[in-house]
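Okay, so here's the structure we're looking at.
The values are calculated or read from the model by the stated rules, or taken from the named source; none is laboratory data. No experiment lies behind these values; they were computed from the predicted model shown. Because the Cβ atoms are built from the backbone with ideal geometry, glycine has one as well, and the counts that use them run over all protein chains shown.
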Amino acid sequence: MRTVVIADNRDTFLGMRLAGIGGYYVEEPKLVLDALMQASKDPDVGIILITERCASMVQDKIVEIKRKQLFPLITFIPDRHGYQEGRSKITKYISEAVGL
């Protein structure tokens, strides 16, 4: 089984390519949806890594795929700027508690 990445950030995409993970570099919601559908229908793909911004563009379709199919596993990853605001509240609380 292969792993693919769907990224809207060139640095994230190139970093994954250097790690040996192929995929799709897309910036528009229509292209994100096309890449997601193509990857999810490929029987060789076991894991889809998708940046959070791309995932937010096609959230409904991701939920539908997860409900209907066992594979591929769809996992959200941060881009080079880190997680989107609101996703890292625990990190914020820990930082405030520790005093960083």
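Before moving on, here are some points about what is shown:
- Total residues in segment 21-40, condition among the hydroxyl-bearing types (Ser, Thr, Tyr) and without any contact (Cβ under 8 Å) to a residue 24 or more places away in the chain: 2
- In segment 2-21, the residues that are surrounded by fewer than 19 Cβ atoms within 10 Å (Cβ to Cβ) and assigned to a loop (DSSP other than H, G, I, E, B): 9, 19, 20, 21
- Hey, residue 49 under 15 Å from residue 8 (Cβ atoms), within 16 Å of the chain's Cα centre (by Cα), at pLDDT 85 or above and not in a helix (DSSP H, G or I) or not: yes
- Any hit, segment 38-46, residues being closer than 15 Å to residue 75 by Cα, surrounded by fewer than 18 Cβ atoms within 10 Å (Cβ to Cβ) and not polar (S, T, N, Q): yes
- Members of segment 36-68 found to be among the hydrophobic types (A, V, I, L, M, F, W, C) and touching a helix residue (DSSP H, G or I) at 6+ places or on another chain (Cβ under 8 Å), listed by number: 36, 37, 45, 48, 49, 50, 54, 55, 57, 58, 62, 65
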